[in-house]
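Asks: One structure, as structure tokens, below. Some questions next.
The values are calculated or read from the model by the stated rules, or taken from the named source; none is laboratory data. Here the structure is a predicted model, which is why all the values come from computation and not from measurement. Note that each Cβ is placed from the backbone with ideal geometry, even for glycine, and that neighbours are counted across all protein chains shown.
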Amino acid sequence: MIRSLLPTMLQFLLHGLTVLLLPPLIPGLIAKTKALMAGRKGPPVFQLYYDLAKLARKQAVFSRTTTWVFLAGPVGGVAAGLAASSLVPFGHTPAPVSFEGDVILFAYLFGLARFLTILSALDTGSSFEGMGAAREATFSALAEPALFLGFAALAKATSSLSLGTMLAFPGTLTARFTGPLILVLAGWAIVYLTENSRIPVDDPNTHLELTMIHEVMVLDHSGRPLALVLYGASLKLLVLGALILTPALPRAPHAWQNWLAFYAALAGLALGVGLVESSMARFRMTKVPQFLVAGVLATGFAFLLMLV
Amino acid sequence: MSADLPILRNGQSLPLREVPEFPVGDFRDIILRRIQEGDRLACLCADVDLHLYAVLADDAGHALRVLRARLDAPRYPALTPDCPQAHLFEREIAEQSGIIPEGHPWLKPVRFHLPWNGAPDPWRRGGVPVPGVADFFRVEGEEVHEVAVGPVHAGVIEPGHFRFQCHGERVFHLEIALGYQHRGVEKALLGGPHPLSLKQAETACGDSSIAHAWAYCRVLEGLAGFQVPARVDLVRGVALELERVANHVGDLGALSGDVGFLPTASFCGRIRGDWLNLSAEGCGSRLGRDWLRPGGLRQELEPALAARMRPRLERAWADTKDAVELLWGAASVMIRFEAAGRVDSDQARAIGLVGVAARACGLGRDVRHDHPFGPYGERPIPVAQAESGNVHSRAWVRWLEAGASSGFLSTALTALADSAATPKPAPLPPLAPVQLCVSLTEGWRGEVLHLAWTDAQGRFARYKIVDPSFHNWFGLALALRGEQVSDFPLCNKSFNLSYCGHDL
């Protein structure tokens, strides 16, 4: 009993440490990729850790028009992200918490985080933040069907509603499921770029308040709440990254190999996001829904193919 | 009647008494008729004792015409309802001299200061005016919302206030309120030239230092009846074209950055530095500050230096080409550029756009071609043009101009390397009294106009500066009609107008 429990405990510990410590590295890797592609040296990969340390020592400034709702965004964002992270397996290692139907909880924890972020943006009374909130709500409403149709396809293939089983799917991969799986991952890649406010949907580096989506909603945050916002955003990169990487990863016989494969794939994902951002411009905002509908169609077809 | 107007060439001066004076009714008629015939209202201003002055530019005829009107009372029927080009000029007149253009459809302050001549405040504000405090155009309706941006922005840029009337993401109307950078340049120049006047003129708009300094120098040279040696003119041309290429390259990079296309944005950021460094090589200042002096140059461009600059120029141009061609090759960039910010040529003509913004709408307006000055008569530069009037056209015109300018620079530097430096010129003779001079240069944004006349002692009785931004800001407002509010930054960058050049 002890002998079988210990490795699992260690795995959960590693899972927790990964969630707490690793996320800020991902934006660093993306930024480094972009810098190298553009012929610059770029900021160090650990820049976000330094930023977080700096912000943690700073006081926050609150506008007189804001209430406690303004703080609910950053706090709720991180809390929901942490809760969701415990539901998702990192590569072929079991998730700490797993039950039938956890997939719904997973999706709506992010929904809750978004809801709180939008509320906290509206709480400032600023017209930009209102505009950003409207854009975020519109685009996430279109991204959600893509996420769920992907879940539906995987649920059909694995006859399960638990993320752990659904995402472990390639372990039982047969040729019949390869096509649908690729479609699901393609659709989710679009969701990934949208949810994480990356080019071509949003530009995380822009200083132009009228074109921002996610960034404009957090313009008024400072100090520790801003640190939470930044950490929460990087956490989302990790957790949603695990969602789209796990089904694509082959299962290895040893746990340490699975972990290594996961970390390597995560670095590869950051590299991929960096390459996309380096090679294309942002879409015009009116084009973004079309892009998202493409994601819905991809996952929708995957689901149909699973049905036949 | 208008046939009698004396023709002035760019940089020529004429005794003030020879400037034809009309009753205000005739003054208006002449201006309206000439504008209908294709002239442009290059400048409209008032002096401190109830005179209106207008400069009409006949681009096809390479001629400038100046006329004035004497008012009996501080009011006259506004030109703006019949001639939208006069819109901002008439607001400026009301603000500077308290003369009311009656029937002006949108008479608001421009820079938020009290009249210079102690005339009563046309807006009866009481006390010192606060920039930006005025009525704004509003669209009413339940679904309409207002977005106010600035004067403090999310990036480190100049202050300006933009008021959008939006329906969702669609812009019905944009109103631009500037004036936060008002320093009183024109007022400071009164009674000049002072020792600081050159500095004040070239910092009227700091990124167009050469264009403004050159216009200022030519005003003084025109009023003093001084002819600059041809080699000096060529060096000034080199200075102006270096300024143009540096800014165009910077703008192309910034446009690329605004749509999130990183390669060109990063490369152009560095390459702009290479062009600025060429200016620094020539005069010690990256922005060309203090390179020009009335009557000559502070620092001659020695033949040996010109020879050294040439290979650096070729390298900078090769790098520029590599970086910018990436931009034209990216479909995701082209679709953004082509979809945004259209101004058609009729609108452009009506509101009197100048420079890059006008040429992007198919109006071939270029002072270097229409009213040649300095070296451009002998070494003409082709007028770059595009037809669509959108962001892409404005970017494309910049690109064509950067190419043409670098060609000019290459031959000019060769010529300078082969000719001995001119000896230091004699000091400028005193300015002729009661004389008027109009001087135009083509800065990288467009036409820079300096108009001055002297009093009986040969000091400036009035010094008027018109930066191209003054003509073009309204173009940006038109470009946003019916567009997505999220495309505003891109449109704004494609015009890249100056706040301080407008605010003076």
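Asks: Which condition breaks for residue B:171 when tested against (1) of a type outside the set (S, T, N, Q); (2) surrounded by fewer than 20 Cβ atoms within 10 Å (Cβ to Cβ); (3) in contact with a Phe, Trp or Tyr (Cβ under 8 Å, 6 or more places away or on another chain)?
Replies: Result: residue B:171 fails condition (2) only.
Asks: Follow-up question, since we're still on this one. Within the range A:276-290, which residues are touching a residue at least 60 places away in the same chain (Cβ under 8 Å) and more than 11 Å from chain B (Cβ to nearest Cβ)?
Replies: Across the range A:276-290, the qualifying residue is only A:289.
Asks: For residues in the range B:326-342 being in contact (Cβ under 8 Å) with a residue 40 or more places away in the chain and part of a loop (DSSP other than H, G, I, E, B), which is nearest to residue A:276 (Cα to Cα)?
Replies: Selected residue: B:330.
Asks: Right, next: I'd like to check something: does the range B:147-170 contain any residue that is over 22 Å from residue B:499 (Cα atoms), touching a Gly at 6+ places or on another chain (Cβ under 7 Å) and within 13 Å of chain A (Cβ to nearest Cβ)?
Replies: yes
Asks: Would you tally the residues in the range A:266-285 being within 22 Å of residue A:87 (Cα to Cα) and surrounded by fewer than 20 Cβ atoms within 10 Å (Cβ to Cβ)?
Replies: Within the range A:266-285, residues that are within 22 Å of residue A:87 (Cα to Cα) and surrounded by fewer than 20 Cβ atoms within 10 Å (Cβ to Cβ) number 1.
Asks: Which strands (runs of 3 or more DSSP E) sit wholly inside the range B:25-88 and have at least 2 residues that are under 24 Å from residue B:109 (Cα atoms) and within 23 Å of the chain's Cα centre (by Cα)?
Replies: Values: elements: B:40-46, B:51-58, B:63-70, B:75-77.
Hits in the range B:25-88: B:40-46, B:51-58.
Asks: Follow-up. May I ask you to verify whether residue B:476 is in contact with a strand residue (DSSP E or B) (Cβ under 8 Å, 6 or more places away or on another chain), outside any strand (DSSP E or B) and of a type outside the set (Ser, Thr, Tyr)? Show your work before the answer.
Replies: Values: in contact with a strand residue (DSSP E or B) (Cβ under 8 Å, 6 or more places away or on another chain): yes; outside any strand (DSSP E or B): yes; of a type outside the set (Ser, Thr, Tyr): yes.
Spelling it out, residue B:476 is indeed in contact with a strand residue (DSSP E or B) (Cβ under 8 Å, 6 or more places away or on another chain), outside any strand (DSSP E or B) and of a type outside the set (Ser, Thr, Tyr).
Asks: Consider residue B:425 carefully, then state whether it is surrounded by fewer than 21 Cβ atoms within 10 Å (Cβ to Cβ), touching a Ser or Thr at 6+ places or on another chain (Cβ under 7 Å) and either modelled with pLDDT under 95 or under 21 Å from residue B:499 (Cα atoms) (or both).
Replies: Details: surrounded by fewer than 21 Cβ atoms within 10 Å (Cβ to Cβ): yes; touching a Ser or Thr at 6+ places or on another chain (Cβ under 7 Å): no; either modelled with pLDDT under 95 or under 21 Å from residue B:499 (Cα atoms) (or both): yes.
Criteria not met by residue B:425.
Asks: Then there is this: Please enumerate the residues belonging to the range B:187-211 that are closer than 17 Å to residue B:448 by Cα and either of a type in the set (A, V, I, L, M, F, W, C) or buried (at least 22 other Cβ atoms within 10 Å of the Cβ) (or both).
Replies: Listed by number, the residues that qualify are B:189, B:198, B:200, B:201, B:202, B:204, B:205, B:208, B:209, B:210, B:211.
Asks: Now for a separate question. Can you tell me which residue in the range B:117-148 is farthest from the chain's Cα centre (by Cα), limited to those that are under 26 Å from residue B:169 (Cα atoms) and in contact (Cβ under 8 Å) with a residue 40 or more places away in the chain?
Replies: In this case the residue turns out to be B:147.
Asks: A follow-up question, please. Take residues that are over 22 Å from residue B:153 (Cα atoms) and tell me which of the helices (runs of 4 or more DSSP H) falling wholly in the range A:200-308 contain 2 or more. Walk me through it before giving the result.
Replies: Working: elements: A:214-217, A:223-245, A:255-279, A:288-307.
The helices (runs of 4 or more DSSP H) meeting that bar are A:223-245, A:255-279, A:288-307.
Asks: Looking at the range A:215-234, which of its residues are over 15 Å from residue A:126 (Cβ atoms) and not polar (S, T, N, Q)?
Replies: From the range A:215-234, those over 15 Å from residue A:126 (Cβ atoms) are A:223-234; that's our starting set.
Selection gives A:223, A:224, A:225, A:226, A:227, A:228, A:229, A:230, A:231, A:232, A:233.
Asks: List every residue pair whose Cβ atoms sit under 8 Å apart, with the two residues 6 or more apart in sequence or on different chains, where the first one lies in the range B:98-116 and is in the same structural domain as residue B:25 (by TED's automatic domain parsing) and the second, anywhere, is of a type in the set (S, T, N, Q) and modelled with pLDDT under 90.
Replies: Filtered contacts from the range B:98-116: B:98/B:117.
Asks: Could I ask something else about it? So, in the range B:100-132, of the ones that are among the aliphatic types (A, V, I, L, M) and surrounded by 12 or more Cβ atoms within 10 Å (Cβ to Cβ), which residue ends up modelled with the lowest pLDDT?
Replies: Initial filter on the range B:100-132 (among the aliphatic types (A, V, I, L, M)): B:100, B:107, B:110, B:114, B:119, B:128, B:130.
Now drop any that are not surrounded by 12 or more Cβ atoms within 10 Å (Cβ to Cβ), which leaves B:100, B:107, B:110, B:114, B:119.
On the way: B:100: 92, B:107: 91, B:110: 91, B:114: 90, B:119: 86.
Taking the candidates together, the pick is B:119.
Asks: From the list B:240, B:262, exactly one residue is free of Cβ contacts under 8 Å to residues at least 12 places away in the same chain and either in contact with a Lys or Arg (Cβ under 9 Å, 6 or more places away or on another chain) or away from chain A (no Cβ under 14 Å) (or both). Which is it? Spell out the reasoning first.
Replies: On the way: B:240 fails: free of Cβ contacts under 8 Å to residues at least 12 places away in the same chain.
Only one candidate passes the filter, namely B:262.
Asks: Determine if the range A:143-159 includes at least one residue that is within 14 Å of chain B (Cβ to nearest Cβ), assigned to a helix (DSSP H, G or I) and either free of Cβ contacts under 8 Å to residues at least 60 places away in the same chain or over 28 Å from residue A:212 (Cβ atoms) (or both).
Replies: Taking every residue of the range A:143-159 in turn, none turns out to be within 14 Å of chain B (Cβ to nearest Cβ), assigned to a helix (DSSP H, G or I) and either free of Cβ contacts under 8 Å to residues at least 60 places away in the same chain or over 28 Å from residue A:212 (Cβ atoms) (or both).
Asks: Please specify each residue of the range B:394-447 satisfying the condition of being of a type in the set (Val, Ile, Thr) and more than 30 Å from residue B:338 (Cβ to Cβ). Before you say what the answer is, go through the steps one by one.
Replies: First pass over the range B:394-447, keeping only residues of a type in the set (Val, Ile, Thr): B:397, B:411, B:414, B:422, B:434, B:438, B:441.
Those that are of a type in the set (Val, Ile, Thr) and more than 30 Å from residue B:338 (Cβ to Cβ): B:411, B:414, B:422, B:434, B:438, B:441.
Asks: I'd like to know if the range B:295-314 contains one or more residues that are free of Cβ contacts under 8 Å to residues at least 60 places away in the same chain, assigned by TED's automatic domain parsing to the domain that holds residue B:275 and touching a strand residue (DSSP E or B) at 6+ places or on another chain (Cβ under 8 Å).
Replies: Taking the range B:295-314 and keeping what is free of Cβ contacts under 8 Å to residues at least 60 places away in the same chain, we get B:298-299, B:305, B:308, B:311-312.
Next, from what is left, pick out any that are assigned by TED's automatic domain parsing to the domain that holds residue B:275: B:298-299, B:305, B:308, B:311-312.
This time we only want the ones that are touching a strand residue (DSSP E or B) at 6+ places or on another chain (Cβ under 8 Å), so: B:298.
Yes, the range B:295-314 contains at least one residue that is free of Cβ contacts under 8 Å to residues at least 60 places away in the same chain, assigned by TED's automatic domain parsing to the domain that holds residue B:275 and touching a strand residue (DSSP E or B) at 6+ places or on another chain (Cβ under 8 Å).
Asks: Assuming residue A:53 fulfils every condition listed in (1) surrounded by fewer than 15 Cβ atoms within 10 Å (Cβ to Cβ); (2) modelled with pLDDT under 95 apart from one, which condition is it?
Replies: (2)
Asks: Let me ask something additional. Among the residues of the range B:408-418, is any part of a loop (DSSP other than H, G, I, E, B) and either away from chain A (no Cβ under 14 Å) or of a type in the set (Lys, Arg) (or both)? Show your work before the answer.
Replies: Residues of the range B:408-418 that are part of a loop (DSSP other than H, G, I, E, B), as a first pass: B:418.
With either away from chain A (no Cβ under 14 Å) or of a type in the set (Lys, Arg) (or both) added as a condition, the list becomes B:418.
Yes; the residues of the range B:408-418 include at least one that is part of a loop (DSSP other than H, G, I, E, B) and either away from chain A (no Cβ under 14 Å) or of a type in the set (Lys, Arg) (or both).
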